[in-house]
Amino acid sequence: MENVEFLILRNLLHNEEYVRKVIPFVKADYFEDHNQKVVFEEILKFVEEYNKPATKEVLCIETEKRQDINDSSFKEITQLISSLDNEPTEFNWLVDTTEKWCRDRAIYLALMESIALADGKDDTKGRDAIPSILSDALAVSFDTHVGHDYLLDYEKRYDLYHRKEEKIPFDLEYFDKVTKGGLPNKTLNIALAGTGVGKSLFMCHVASSVLLQGKNVLYITLEMAEERIAERIDANLLNVNIQEIADLPKPMFETKVNNIAQKTQGTLIIKEYPTASAHAGHFRSLLNELALKKSFRPDIIFIDYLNICASSRYRGNSNVNSYSYIKSIAEELRGLAVEANLPIVSATQTTRSGYASSDVDLTDTSESFGLPATADLMFALISTDDLEGLGQIMVKQLKNRYNDLSVFKRFVVGIDRAKMRLYDCEQSAQDDILDSGQDEEYNYEEAKPKKSFEGFKFS
């Protein structure tokens with residue numbers, strides 16, 4: 001079976017991009033096997049001198065010149081070199097795996113050195129060097145970025161200003177308006193609502209619309225079974241009342257699903273975790289596993305929902321207040337969004353007082369005000385008897401890093417709970433919405449509203 005060390009050596013021979021990415025961080029001492037260590041030393045020497053990957057022939061010739069190996073070792077090393085064939089390995093997974101291996105090896109060697117220092121077996125260093133040794137090992141990372149030089153990097157900054165940001169658009173007019181075209185990568189976006197208002201419905205609808213855009217979607221559920229989420233998405237995409245899905249004849253059901261498959265190049269993966277059992281570390285491992293086993297990399301992640309995630313910083317039974325716990329979950333999820341370079345959409349509960357309220361504010365965020373501080377976009381989903389009677393739900397912006405918060409601070413969208421769908425309302429549905437903080441003269445030119453939205457009024 002191939003080990004990590006073998007994969008590293010093989011790709012250092014055949015993948016120039018990989019070489020340039022990892023060679024500054026891999027050390028010969030990290031290799032436990034002597035023969036692998038020799039091969040790496042020769043690879044490193046060649047790369048440093050000629051700035052390109054070595055070849056098998058070069059390695060064999062250079063190894064033969066070494067005075068520190070005998071004939072038996074040379075034979076074993078040449079056999080190892082000959083086995084380093086050019087077999088492709090998923091690049092991002094390989095880089096991540098190499099980084100973890102380097103860190104693990106650095107920590108192990110640091111621990112061994114620290115033990116030797118503690119036992120007085122090293123005359124060159126004192127025990128006071130142990131914290132620094134361990135700290136250096138823990139800091140091993142492939143991140144070479146040292147910051148933005150304001151005066152020298154102006155061209156990069158200018159290009160950034162004029163580059164169209166990649167976003168995941170909504171199929172809902174006003175959500176697109178308030179986000180200036182959709183959800184950017186590296187963001188955490190939160191829907192706030194009471195029990196039964198529509199958190200999961202919102203996420204299932206958006207997940208369905210993103211799938212139809214040809215994007216890859218990962219839906220993580222900690223509240224409902226995978227099959228229940230799939231059932232809701234079936235209702236949405238197949239345009240069937242959720243209560244009637246089970247009554248569909250199998251040939252009709254199969255035809256409808258196949259029709260959806262023909263409309264999109266995207267993939268939707270639904271993964272269930274037990275409530276409060278999984279944290280960002282588990283989700284990160286899932287991403288690596290999906291990339292390795294299914295060659296699947298999501299364009300967006302839905303997590304249903306944030307409050308019932310776990311935190312990698314605290315154990316479930318740890319004595320920590322809810323503010324710190326929920327805030328840590330939010331920070332970890334946003335960190336994952338940045339690391340994976342995608343948007344994450346999740347939800348949170350309102351406080352008890354916000355359940356039946358006709359207006360919801362940030363103060364109604366259940367358990368933690370640290371959550372709004374971490375999120376890039378946060379909005380409330382508000383349902384009242386009057387709105388339900390009209391088949392509508394109100395959306396109120398609570399925090400928005402993408403646009404002016406006062407622009408369309410409140411708006412309504414249609415809701416079809418039977419088919420798990422949201423839809424744009426006609427202008428008449430917006431007429432009674434009062435937003436005194438909005439600018440009546442505001443005109444968002446990039447968005448092109450449907451004719452039914454012309455003459456949108458504010459008061």
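Derivation of every value follows stated rules applied to the coordinates shown; laboratory data play no part. Values in this document were obtained by computation on a predicted structure and should not be read as measured data. So basically every Cβ, Gly included, is an ideal-geometry build from the backbone, and we count neighbours across all protein chains shown.
Using θ = phi - 60° and the Karplus form 6.51 cos²θ - 1.76 cosθ + 1.60, what ³J(HN,Hα) does each residue of region 97-107 get, whole Hz, x for Gly and Pro?
These are the phi-based 3J(HN,Hα) values: 5, 5, 4, 5, 4, 4, 5, 4, 5, 4, 5 Hz.
Hey, could you get me the Stokes-Einstein D for region 170-376, Kirkwood radius over alpha-carbon pairs, 25 °C and 0.890 mPa s, rounded to whole µm² s⁻¹? Please list the in-between numbers first.
Working: Rh = 17.9 Å.
My calculation gives 137 µm²/s for D.
How big is Rg to Rh over region 280-348, alpha-carbon atoms, Rh as the Kirkwood inverse-mean-distance radius?
My calculation puts Rg/Rh at 1.00.
Once amide H atoms are built 1.01 Å from N in the peptide plane, which residues 5 or more positions from Gln392, or in another chain, come under 5 Å H to H?
Ile415
Of the listed values (i) 1.22; (ii) 2.47; (iii) 0.96, identify the label whose number matches Cα Rg over 2.2 N^0.38 Å calculated from this model.
The value computed from this structure is option (i).
Near the amide H of Lys271, under 5 Å away, which other amide H atoms are found, from residues 5 or more places off or on another chain, if H is placed in the peptide plane?
Counting only residues 5 or more places away or on other chains, the set is Tyr219, Ile220, Thr221.
Sort His205, His148 so the one with the fewest other Cβ atoms within 10 Å of its own Cβ comes first.
His148, His205
In percent, what relative contact order does region 58-157 have, based on Cα pairs under 8 Å that are 6 or more apart in sequence?
Details: 35 pairs, mean separation 23.9, N = 100.
In percent, rounded to a whole number, it is 24.
Which value, in nm² and rounded to one decimal, describes the direction-averaged projected area of the C-alpha convex hull of region 4-138? Show your work: numbers first, answer last.
Details: hull surface 37.0 nm².
If I average the Cα hull's projected area over directions, I get 9.2 nm².
Name the residue from Leu377, Leu188, Ile415 whose Cα lies farthest towards the positive end of the charge dipole of the chain, charges +1 on Cβ of Lys and Arg and -1 on Cβ of Asp and Glu.
Farthest along the dipole direction, towards plus: Ile415.
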